[in-house]
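The values are calculated or read from the model by the stated rules, or taken from the named source; none is laboratory data. In this text the structure is predicted, and so the values were computed from the model without any measurement. Every residue, glycine among them, receives a Cβ derived from its backbone with ideal geometry; neighbour counts consider all protein chains shown. Heavy atoms of the whole protein, side chains included, go into the accessibility calculation; ligands, DNA and RNA do not. Shrake-Rupley method; radii C 1.70, N 1.55, O 1.52, S 1.80 Å.
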Amino acid sequence: MAKNNLAIVAVVLTVSSLCSLAYCADGEKTDIFVEGKVYCDPCRVQFPTRVSEPIDGATVGLECRSRENGTIMYSLEGKTDKNGIYSLPVDEDFAELICEVTTVSSPRDDCNDKFADFEKARVLITTKNGVASMARYANPLGFMKKEAIPECKEIIKELFPDEEDMPEEFKEIIEQ
Ligand SMILES: *[C@@H]1O[C@H](CO)[C@@H](O)[C@H](O)[C@H]1NC(C)=O
């Protein structure tokens, strides 16, 4: 009886220390990956609309910086598939780092303007926040067409029925 209990304790200890090796320590191996979408913004509004299209073959970069001194501790580039989805394997727990995905380049000559403030999608790369899935989703990122397509006037009016709420730069698109 006492022997059996000891065996159980030993198994529990082994399993929990495996967990801490595989998932619970910084820099240790995990299956974690960052996933997100890159779209073409034909309206130059810098957010997805119903005329946005996925961009196939867009390059994105993931950079993780130290919270303490800003040094880049990890960086990786990847490309989107035909659905505009990228998946960047990280395989490490970066709870202590600030990680961001940015757009690098678009293969589409008609849709390769970067967003004004170099849009970044911040993503927390850790297994310590209780999320069971190994995917960490970043907000969508995009590139703009050089000029808004005609349909955008209608879309912007739908989004801002009250013209007082409409940002100035969108009023310019409507007046074009
Ligand atoms: C910056 O901080 C990280 C820990 O977050 C450390 O590993 C690294 O050596 C530091 N780099 C510099 C240049 O101080």
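Going by average Cβ neighbours within 10 Å, how do the peptides 35-42, 107-114 rank, with the highest at the top?
Values: 35-42: 22.1, 107-114: 14.5.
Packing proxy ranking, top to bottom: 35-42, 107-114.
Would you mind working out the accessible area per residue for region 27-175, using a 1.4 Å probe, and quoting it in Å²? Before the final figure, lay out each step's value.
On the way: 8100 Å² over 149 residues.
Per-residue value: 54 Å².
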Label-point gap, in nm, between Thr49 and Glu96 - each point 7 angstrom along Cα→Cβ
4.5
Let me see the pair-distance distribution of region 27-175: every alpha carbon pair, 5 Å bin width, integer percents in order.
2, 10, 18, 18, 15, 13, 10, 8, 5, 1, 0
Which of Lys79/Lys128; Lys82/Lys153; Lys37/Lys171; Lys37/Lys82; Lys79/Lys145; Lys120/Lys153 exceed 22 Å between C-alpha atoms? The answer is Lys79/Lys128; Lys82/Lys153; Lys37/Lys171; Lys120/Lys153
